[in-house]
Each structure stands twice: as C-alpha cells, then as structure tokens.
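The values are calculated or read from the model by the stated rules, or taken from the named source; none is laboratory data. In this text, all values refer to a predicted model and were calculated from it rather than measured experimentally. Glycine gets a Cβ as well: all are built from the backbone with ideal geometry, and neighbour counts include every protein chain shown.
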Amino acid sequence: MTTSGPDGPVGRLRLVRQDELPLLRDIERASGEIFRDIGMAEIAEDEPLSLAELAHYQEAGRAWAISEGADGKLVAFLLAEPVDGNLHVAQVSVHPAAAGRRLGQALIEHQARLAAEQGAAGLTLTTYRDVPWNAPYYRRLGFIEIPEQRLSPGLRAILELERRAGLDRWPRVAMFRPR
C-alpha cells in the first residue's frame, strides 16, 4: 500500500519479506550513527538485532517497512509485538538518507490503525528520554510518559532487559499512546 504523510506520498508501506531481513540490519546500523554526534557512541556501535530476532517479527507479520523507488529499496522499518493489551513498538529505524520525511511517523500511524483493528488499547514503546529524535519526537506524535508505578509487567520486563543490555546508561522511559 502506498502511504501518505502530511506532505504527500512517503513510499510503499508493506510487510517485510524474509529475504529483506539483512537490509533491516543495515538500516538499523546506519540510523544509529547519529548517536555518535551526541556522545552516545556505544549505541551507534551496538550490534543490530540478529537475523533470528528479526525473523521472529517477520514470521509473525509484525515487521513493516517503507520502500521507495522503482527498485523498492527499503528505507525505514518498524517492529511490533503485543504486550499487555497494547501493540508495543519494539523498534523504529529510518535510514539517514530518508530522514526528515516523516517515514517514522507513517509507520507509527499505521501501527495505531492496526492496534485499533486488533482491539489493543494503544501503542507502547521504550526510548531515551532526552534524545531529540526519541521521547521528544514521540511526544509530538501523541505519546505520553508512563510513570514507573503504572508500568505494566511486560513493560517492566522490557525495561529490565534494556537495563541488562546497558541501555539505561542514559535515562529511558516507557511511553503510551491511545489508539
């Protein structure tokens, strides 16, 4: 399906094919490079999700991408999974060459429609509180921070996994957006 953002068409939004999983790793690596500019080199150097982890989302029909051009090159993707009655956005990555065109927003809006169709209460995600293209960006898309005392068991478990991976060196938050 061709999807549109506030400024017109943004590309073809579709499910990811199995043969495209290595491309998701490339997009994630490229999109992480910007973290170097703000003193978070460890994030830029972090290894992308494995092919097996990506296959988990792809096989479940929860890996979405935006492709552009005649060759259908992937430029952005989103991974999601159900968590505690919500559709949890596990990863959103946009290749830097395609940044600033609201592709991440198009993927989020698509997931919000899917959440509504599936009867989920809304969308959740975890992200960095102070990184401009993380929590501040998601706030502009309608997400609100979930206070720690209101975290669901699934979100607590996700944040704990992130803590064990060392991602909490910088402040992390869980966020919610009603569908």
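Assess whether GLN91 counts as being within 17 Å of ARG62 (Cα to Cα), assigned to a helix (DSSP H, G or I) and in contact (Cβ under 8 Å) with a residue 24 or more places away in the chain. Answer is no for this residue.
Scanning region 2-36 for residues that are acidic (Asp, Glu) and at pLDDT below 95 gives a single hit, ASP7. For region 123-135, filtered to residues that are crowded, with 18+ Cβ neighbours inside 10 Å and of a type outside the set (Val, Ile, Thr), the residue that is nearest to LEU87 (Cα to Cα) is LEU123. Among the criteria (1) of a type outside the set (Asp, Glu); (2) touching a helix residue (DSSP H, G or I) at 6+ places or on another chain (Cβ under 8 Å); (3) at pLDDT 95 or above, the one GLN149 does not fulfil is (2).
For region 94-114, the set of residues classified as in contact with a Ser or Thr (Cβ under 7 Å, 6 or more places away or on another chain) and loosely packed, with under 15 Cβ neighbours inside 10 Å consists of PRO96 only.
Can you tell me which residue among ALA80, ALA106 is within 23 Å of ALA157 (Cβ to Cβ) and either modelled with pLDDT of 95 or more or of a type in the set (Lys, Arg) (or both)?
Of the residues listed, the single one that is within 23 Å of ALA157 (Cβ to Cβ) and either modelled with pLDDT of 95 or more or of a type in the set (Lys, Arg) (or both) is ALA80.
Whether a residue is surrounded by fewer than 13 Cβ atoms within 10 Å (Cβ to Cβ) and either modelled with pLDDT of 95 or more or within 17 Å of TYR57 (Cα to Cα) (or both) was assessed, and GLU117 passes this test.
Only one of ILE43, ILE66 is modelled with pLDDT under 95 and in contact with a Gly (Cβ under 8 Å, 6 or more places away or on another chain). Can you tell me which? Give the steps one after another, and end with the answer.
Working: ILE66 fails: modelled with pLDDT under 95.
Exactly one of ILE43, ILE66 is modelled with pLDDT under 95 and in contact with a Gly (Cβ under 8 Å, 6 or more places away or on another chain), namely ILE43.
Right, GLY166: among the small types (Gly, Ala, Ser), farther than 22 Å from GLU47 by Cα and surrounded by fewer than 17 Cβ atoms within 10 Å (Cβ to Cβ) or not? Answer is no for this residue. Among the residues of region 47-77, just one is touching a residue at least 60 places away in the same chain (Cβ under 8 Å) and more than 15 Å from the chain's Cα centre (by Cα), namely GLY72. In this structure, ILE43 qualifies as within 27 Å of ARG169 (Cβ to Cβ) and either buried (at least 16 other Cβ atoms within 10 Å of the Cβ) or touching a helix residue (DSSP H, G or I) at 6+ places or on another chain (Cβ under 6 Å) (or both).
Taken together, ALA80, ALA30, ALA76, ALA44 contain a single residue that is touching a Phe, Trp or Tyr at 6+ places or on another chain (Cβ under 7 Å) and either among the acidic types (Asp, Glu) or closer than 20 Å to THR127 by Cβ (or both), which is ALA44. Evaluate region 102-124: report whether one residue or more is out of contact with any His (no Cβ under 7 Å at 6 or more places or on another chain) and of a type in the set (Ser, Thr, Tyr). No: region 102-124 contains no residue that is out of contact with any His (no Cβ under 7 Å at 6 or more places or on another chain) and of a type in the set (Ser, Thr, Tyr).
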